[in-house]
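The values are calculated or read from the model by the stated rules, or taken from the named source; none is laboratory data. Keep in mind that this is a model prediction, so the values were computed, not measured. Counting neighbours? That spans all protein chains shown, and the Cβs are built from the backbone with ideal geometry, glycine included. Heads up: the accessible areas ignore ligands, DNA and RNA and are worked out on the full protein's heavy atoms, side chains in. Shrake-Rupley method; radii C 1.70, N 1.55, O 1.52, S 1.80 Å.
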Amino acid sequence: MDLTAYLNSLRGKPVGVIGIGVSNTPLLSLLLGAGIDVTACDQKEEAAFDPELLRSLREQGCRLVLGADYLSRLDQDVIFRTPGLHPRFLEDARRRGSEITSEMEAFFQVCPCPILAVTGSDGKTTTTTILSELLRAVGRTVHVGGNIGHPLLSEAGSMRPEDWAVLELSSFQLMTMERSPHIAVTTNLAPNHLDVHRDFAEYITAKENIFTHQSAQDIAVFNADNELTLAASERAPGQVRLFSRRHPVERGTYLWSDGQNGEAIYVSNDQGRRMVLPLSGIKLPGIHNVENYMAAIAAVDGLVDDETIRAFARDFGGVEHRIELVRTLRGVRWYNDAIASSPSRTTACLNAFHSKVILLAGGKDKGIAYDSLGPVINDHVKALILCGATAGVIREAVTQAENYAGLPITEVSDWAAAVHTAAELAQEGDVVVMSPASTSFDLFRNFMEKGRVFKELVNALE
């Protein structure tokens with residue numbers, strides 16, 4: 001089914017769209033432009049919206065249901081849920097006969113080109129970016145969407161069969177998926193988003209939808225060093241490729257050293273083994289980014305030549321808010337790792353540096369344990385500055401760890417105070433990194449806003 005046929009199938013049906021945000025605003029314009037009867041629902045009150053946006057929607061014939069009771073009138077034939085809304089809140093509507101879908105699920109139905117998608121607890125955005133840029137480097141037209149890029153459903157009509165869609169998919173987007181991409185990548189799995197999911201088992205099940213509906217001709221890439229993803233690989237119906245930095249794999253990518261030229265990423269497949277990318281040729285810091293490259297190279301083996309991969313890795317400096325060098329001031333390097341919304345992400349960040357750092361951390365709790373982070377901070381941090389709702393639990397994880405040896409810990413009221421405190425402590429040669437290990441929703445709309453504010457504060461230092 002193409003996009004035109006899909007839109008035609010909705011004509012004459014009342015359609016509900018939950019959430020008037022970044023992902024669904026283009027969806028609303030698409031549906032209304034096709035003459036479809038649309039009701040848009042959002043928990044925010046009218047005063048919280050741009051008046052011009054609501055005026056435009058009303059002029060196009062869209063009905064609005066806003067405020068606390070926004071889910072009270074869900075009786076439409078088709079309901080598009082926003083990714084952040086758990087499907088359990090729509091069970092009554094489903095029982096009454098409503099079809100529950102989403103912008104991303106609709107895109108999978110109508111996309112005319114192959115889809116390559118990435119999920120996992122960490123590394124999704126960097127891996128997705130590497131994949132999209134590698135495909136572009138060999139002349140492919142690439143459409144990037146999901147959690148990065150922008151919503152793609154409205155563009156599906158202009159896509160060609162020879163193009164590629166490269167998507168970053170969250171557990172929220174995958175929960176109700178009934179289709180899987182041609183190439184699926186799972187970077188790793190660790191407890192995350194337990195403030196939304198019922199439990200960790202539900203989170204894992206959601207993630208596995210990225211490969212569950214594949215055919216035998218499709219490809220699924222898994223982290224062989226992660227017990228959960230390795231176990232998931234045994235359930236994949238398609239062709240499995242593994243990546244590992246610990247040991248060789250039969251099909252996929254792994255780290256290896258020939259004893260002379262240092263470590264490199266090798267590819268292993270039916271044609272044998274070959275060296276693709278020496279670690280000395282990767283500009284991005286951190287072993288976690290080596291894993292991101294291994295995942296990407298496993299996914300595009302046969303699609304992107306080795307020299308293109310090497311040329312890209314020499315120049316690619318990373319994605320904003322992911323161990324991003326903000327500036328060097330008086331010999332002190334300041335890094336923005338605002339994407340680190342979980343202990344595992346902050347652990348990966350700290351492991352990327354060869355000396356102890358000054359760490360700024362804290363934010364909103366999302367229901368996951370911090371016990372594992374405490375020993376890592378004690379090993380890799382020379383001074384800890386905490387801010388936000390999780391300051392107390394991070395402090396407790398650090399001080400209760402067996403390797404705690406009196407690490408200096410300072411709690412501050414806001415991020416401006418955190419930056420100025422770090423500036424007072426830092427000496428020439430030090431590294432200061434903001435890696436929250438928590439979400440940003442206590443003080444910010446998202447991690448991007450938190451990262452931008454941090455960068456503004458750092459760049460304002462004299």
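From largest to smallest, what semi-axes in whole angstrom does region 63-149 give when each is the square root of 5 times an eigenvalue of its alpha carbon gyration tensor?
Working from the Cα gyration tensor, I get semi-axes of 34, 15, 11 Å.
Return the whole-Å distance between the Cα centroid of region 254-329 and the Cα centroid of region 403-453.
30 Å
Based on the mean of other Cβ atoms within 10 Å per residue, sort peptides 85-97, 220-232, 308-320 so the most packed one is first.
Numbers: 85-97: 13.0, 220-232: 21.2, 308-320: 16.0.
Going from most to least packed, we get 220-232, 308-320, 85-97.
Using the alpha carbons of region 92-139, what is the convex hull volume per residue in cubic angstrom, as a whole number?
Values: hull volume 5.0 nm³, N = 48.
That works out to 103 Å³ per residue.
I need to check one value: relative contact order of region 310-399, counting alpha carbon pairs closer than 8 Å and at least 6 residues apart, in percent. Write down the numbers at each step before the final one.
Working: 112 pairs, mean separation 21.2, N = 90.
Normalised by residue count, the contact order of region 310-399 is 24 percent.
Pairwise over distinct Cα atoms, reciprocal of the mean inverse distance: report the Kirkwood radius of region 112-229 in Å, one decimal place. Write down the numbers at each step before the final one.
Working: mean 1/r = 0.0685 Å⁻¹.
Final number for the Kirkwood radius of region 112-229 is 14.6 Å.
Compute, for Lys455, the solvent-accessible surface of its heavy atoms (probe 1.4 Å) with the complete set of protein chains present, and express it in square angstrom to the nearest 10.
Rounded to the nearest 10, that gives 30 Å².
Per residue, how much accessible area does the chain have with a 1.4 Å probe, in Å²?
Roughly 42 Å² per residue, with all protein chains present.
Given a 1.4 Å probe and every protein chain left where it sits, what share in percent of the accessible area of the chain is carbon and sulfur?
Details: 9370 of 19600 Å².
Roughly 48 percent of what the probe reaches on the chain is carbon or sulfur.
Which whole-number percent is the relative contact order of the chain (Cα, under 8 Å, 6+ apart)?
Details: 961 pairs, mean separation 48.4, N = 462.
The normalised contact order for the chain reaches 10 percent.
For Leu443, what charge total do you get from the other residues with a beta carbon under 12 Å from its beta carbon, if Lys and Arg give +1 and Asp and Glu give -1?
On the way: positive: Lys364, Arg445, Lys450; negative: Asp414, Asp442, Glu449.
Taking every Cβ under 12 Å from that of Leu443, the sum is 0.
Let me check something: with ligands and nucleic acids excluded, how do Lys382, Lys450 order by accessible area (1.4 Å probe), largest to smallest? All intermediate terms of the calculation are to be shown ahead of the outcome.
Values: Lys382 85, Lys450 5 Å².
The ranking, largest first, comes out as Lys382, Lys450.
Output ³J(HN,Hα) for region 11-26: one whole-Hz value per residue in order, computed from phi by the Karplus curve 6.51 cos²θ - 1.76 cosθ + 1.60 with θ = phi - 60°, and x for Gly and Pro.
5, x, 10, x, 10, x, 10, 9, x, 10, x, 4, 6, 9, 4, x
Kindly sort Ile204, Ile287, Ile130 by accessible area of their heavy atoms, largest first, with the probe set to 1.4 Å. Before the final figure, lay out each step's value.
Numbers: Ile204 30, Ile287 60, Ile130 0 Å².
My answer, sorted largest first, is Ile287, Ile204, Ile130.
Relative contact order for region 252-380: what is it in percent, counting Cα pairs under 8 Å that are at least 6 residues apart?
Working: 141 pairs, mean separation 22.6, N = 129.
That works out to 18 percent.
Stretched out fully, how many nm does the piece from Ala34 to Asp258 gain, at 0.36 nm a residue minus the Cα gap? Spell out each step's value before the answer.
On the way: separation 224, 0.36 × 224 = 80.64 nm, distance 6.00 nm.
Working it through step by step, the gained length comes to 74.6 nm.
Which residues does a label at Leu425 reach in region 339-366, if reach means a backbone N under 13 Å from a point 7 Å past the Cα toward the Cβ?
Output list for this probe position: 356-362.
For the ranges 53-62, 110-119, 369-378, what's the packing order if you count other beta-carbon atoms within 10 Å of each residue, average per peptide, and put the highest first? Spell out each step's value before the answer.
Working: 53-62: 14.1, 110-119: 23.2, 369-378: 19.3.
Packing proxy ranking, top to bottom: 110-119, 369-378, 53-62.
Take Trp256, Trp164 and sort them by solvent-accessible surface of the protein heavy atoms, 1.4 Å probe, largest at the top.
On the way: Trp256 95, Trp164 15 Å².
If we order Trp256, Trp164 from most to least accessible, we get Trp256, Trp164.
State the volume of the convex hull built on the alpha-carbon positions of region 284-372, expressed per residue in Å³ and rounded to an integer. Walk me through the intermediate numbers first.
Numbers: hull volume 11.9 nm³, N = 89.
Hull volume normalised by residue count: 134 Å³.
Does region 306-462 come out rounded, prolate or oblate, given a ≥ b ≥ c as the square roots of the eigenvalues of its C-alpha gyration tensor, rounded meaning a/c under 1.5 and, failing that, prolate meaning a/b above b/c?
On the way: a/c = 1.39, a/b = 1.30, b/c = 1.07.
Since a/c stays below 1.5, the shape of region 306-462 is classed as rounded.
Calculate one ³J(HN,Hα) per residue across region 41-48 by plugging θ = phi - 60° into the Karplus curve 6.51 cos²θ - 1.76 cosθ + 1.60, and present them in order as whole Hz with x for glycine and proline.
Once rounded to whole Hz, the list reads 10, 8, 6, 6, 6, 4, 5, 7.
Straight-line reach from Lys450: which lysines fall under 21 Å, measuring Cα to Cα and dropping same-chain residues less than 8 apart?
Output for Lys450: Lys124, Lys364, Lys366.
Classify region 369-462 as rounded, prolate or oblate, taking a ≥ b ≥ c as the square roots of the eigenvalues of its Cα gyration tensor: rounded when a/c is under 1.5, otherwise prolate if a/b is larger than b/c and oblate if not. Write out the running numbers ahead of the final one.
Working: a/c = 2.15, a/b = 1.27, b/c = 1.69.
Verdict is oblate for region 369-462.
Using a Förster distance of 41 angstrom, determine the FRET efficiency expected from the C-beta separation of Met448 and Glu227, and round it to 0.05.
Working: r = 32 Å, r/R0 = 0.77.
According to the calculation, E is roughly 0.80.
To make sure I understand the rule: partners must be aspartates and glutamates, Cα under 13 Å from the Cα of Lys44, and not fewer than 8 residues away in the same chain. Which ones qualify?
Hits, sequence-local ones excluded: Asp69.
Stokes-Einstein diffusion coefficient for the chain at 25 °C in a medium of 0.890 mPa s, Rh from the Kirkwood formula over Cα pairs: what value in µm²/s?
Numbers: Rh = 23.6 Å.
Here the translational diffusion coefficient equals 104 µm²/s.
If you average the alpha carbon positions of region 55-83 and of region 86-115, how far apart do those two centres end up, in angstrom?
16 Å
Sequence neighbours fewer than 8 away in the same chain don't count; with that in mind, list the lysines whose C-alpha is under 19 Å from Lys356.
Lys382
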